[in-house]
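The values are calculated or read from the model by the stated rules, or taken from the named source; none is laboratory data. Treat the numbers as computed from the prediction; the structure is a model and nothing was measured. For neighbour counting, all protein chains shown are included, and Cβ atoms are generated from backbone atoms with ideal geometry for every residue, glycine included. What goes into the accessible areas is simple: the full protein's heavy atoms, side chains included, and nothing from ligands, DNA or RNA. Shrake-Rupley method; radii C 1.70, N 1.55, O 1.52, S 1.80 Å.
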Amino acid sequence: MKKWNLIVDVGRCHNSNNCFLSVADEYQRNEHPGYSAEMPLHGHRWIDVKKKERGQAPMVDVAYLPTMCMHCDDAPCIAAAKDDAIQKRNDGIVIIDPVKAKGQKHLVDSCPYGAIWWNEEKQLPQHWNFDAHLLDSGWVEPRCVQSCPTGALRSVIITDSEMERLKSEEGLEQLEPEIQTKPRVHYKNLHLYKKCFIGGTVVITDSGLEDCLEGAIAVLNKDEKKIGEEISDAFGEFKFDDLEPASGAYRIDILHPEYTSLSVNVELRESIYTGVHALTPR
Ligand code: SF4
């Protein structure tokens, strides 16, 4: 049985918010009987783009994280719903019934991802339902995927075993792995939002002048074991990414055959720029 999945590439999201706007356009002032009541004009973000800044000047990056209903296979919202108000379809999509769910405000708290929104006027819990009404009428992808200008969102309808293979081939991850709900939304390059980096700049000093040093070898060590190696670029910069936040002490050895080496000790809490490291000729 083929089922829907959504793949979110954090490395491609530029915060255009076209996904959010396509949801607003599809559901505000529009009712889709059997699928969804109207979305309120204000206050709801069924697809929400979160932002995370990492590092310090001059080495700073920003990651954007689109979030939405994960269409979990083991969905706590389904377990919490009365009168079968939330159903899992055979194609993997979770639907909150806009009639049966009326008055069930407790469903908002049942979702561990915060993906259910309360419509006060209609007394309804609501979520992004994968645009099921469009897919059922022949669309090949939901509007958020169609409208994303950078290809950060991709939908696939494949079997679960094919999806497992895709997850391992592309290194896809779950947003909150500790939440065991078997989500059908999978993330690529999630480290850009969830993990940390250690970076720095290597320069040479010659006759009192500083110049960026390309080709220096930066070796990252933890507990006296080498765990990574990077080569400084044309700006003398190196960056070790995908490190656990608050993961303790690291040492960076900076080496170059023509210059004296040096070591930098770092205590990692959040992403850190270690500054400018000057090597001198041997
Ligand atoms: Fe239900 Fe929340 Fe999972 Fe969506 S993300 S299926 S609303 S538990």
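Checking each residue in the range 260-274 for being exposed (fewer than 12 other Cβ atoms within 10 Å of the Cβ) and part of a strand (DSSP E or B) picks out 265, 267. Among the conditions (1) near the ligand (Cβ under 8 Å from one of its atoms); (2) free of Cβ contacts under 8 Å to residues at least 60 places away in the same chain; (3) of a type outside the set (Val, Ile, Thr), the only one that residue 101 does not satisfy is (1). Determine whether residue 37 is within 12 Å of the ligand (Cβ to nearest atom) and either at pLDDT 95 or above or in the same structural domain as residue 98 (by TED's automatic domain parsing) (or both). Against the criterion (within 12 Å of the ligand (Cβ to nearest atom) and either at pLDDT 95 or above or in the same structural domain as residue 98 (by TED's automatic domain parsing) (or both)), residue 37 does not qualify. Inside the range 207-243, residues that are open to solvent by 20 Å² or more (accessible area, probe 1.4 Å) and of a type in the set (Ser, Thr, Tyr) make up a count of 1.
Listed by position, the strands (runs of 3 or more DSSP E) inside the range 15-123 whose residues that are crowded, with 19+ Cβ neighbours inside 10 Å and in contact with a helix residue (DSSP H, G or I) (Cβ under 6 Å, 6 or more places away or on another chain) number at least 3 are 59-67.
With respect to (1) more than 16 Å from the ligand (Cβ to nearest atom); (2) touching a helix residue (DSSP H, G or I) at 6+ places or on another chain (Cβ under 7 Å); (3) open to solvent by less than 50 Å² (accessible area, probe 1.4 Å), the lone exception for residue 155 is condition (1).
Here the condition is being under 30 Å from residue 254 (Cβ atoms) and more than 12 Å from the chain's Cα centre (by Cα); of 222, 194, it holds for 222 alone. Within the range 163-206, the residues that satisfy the criterion of being open to solvent by 40 Å² or more (accessible area, probe 1.4 Å) and within 16 Å of the ligand (Cβ to nearest atom) are 173, 174, 176, 177, 178, 180, 182. Taking each residue of the range 113-132 that is of a type in the set (Gly, Ala, Ser) and looking for partners that are open to solvent by 50 Å² or more (accessible area, probe 1.4 Å) and in a loop (DSSP other than H, G, I, E, B) with beta-carbon atoms closer than 8 Å, six or more apart or interchain, yields 132/35; 132/89.
If you go through the range 188-203 one residue at a time, do you hit one that is touching a Pro at 6+ places or on another chain (Cβ under 9 Å), assigned to a strand (DSSP E or B) and in contact (Cβ under 8 Å) with a residue 60 or more places away in the chain? Scanning the range 188-203, I find at least one residue that is touching a Pro at 6+ places or on another chain (Cβ under 9 Å), assigned to a strand (DSSP E or B) and in contact (Cβ under 8 Å) with a residue 60 or more places away in the chain, so the answer is yes.
Filtered by the rule that a residue be touching a residue at least 60 places away in the same chain (Cβ under 8 Å) and either closer than 16 Å to residue 274 by Cα or not in a strand (DSSP E or B) (or both), the range 205-259 gives 213, 216, 237, 239.
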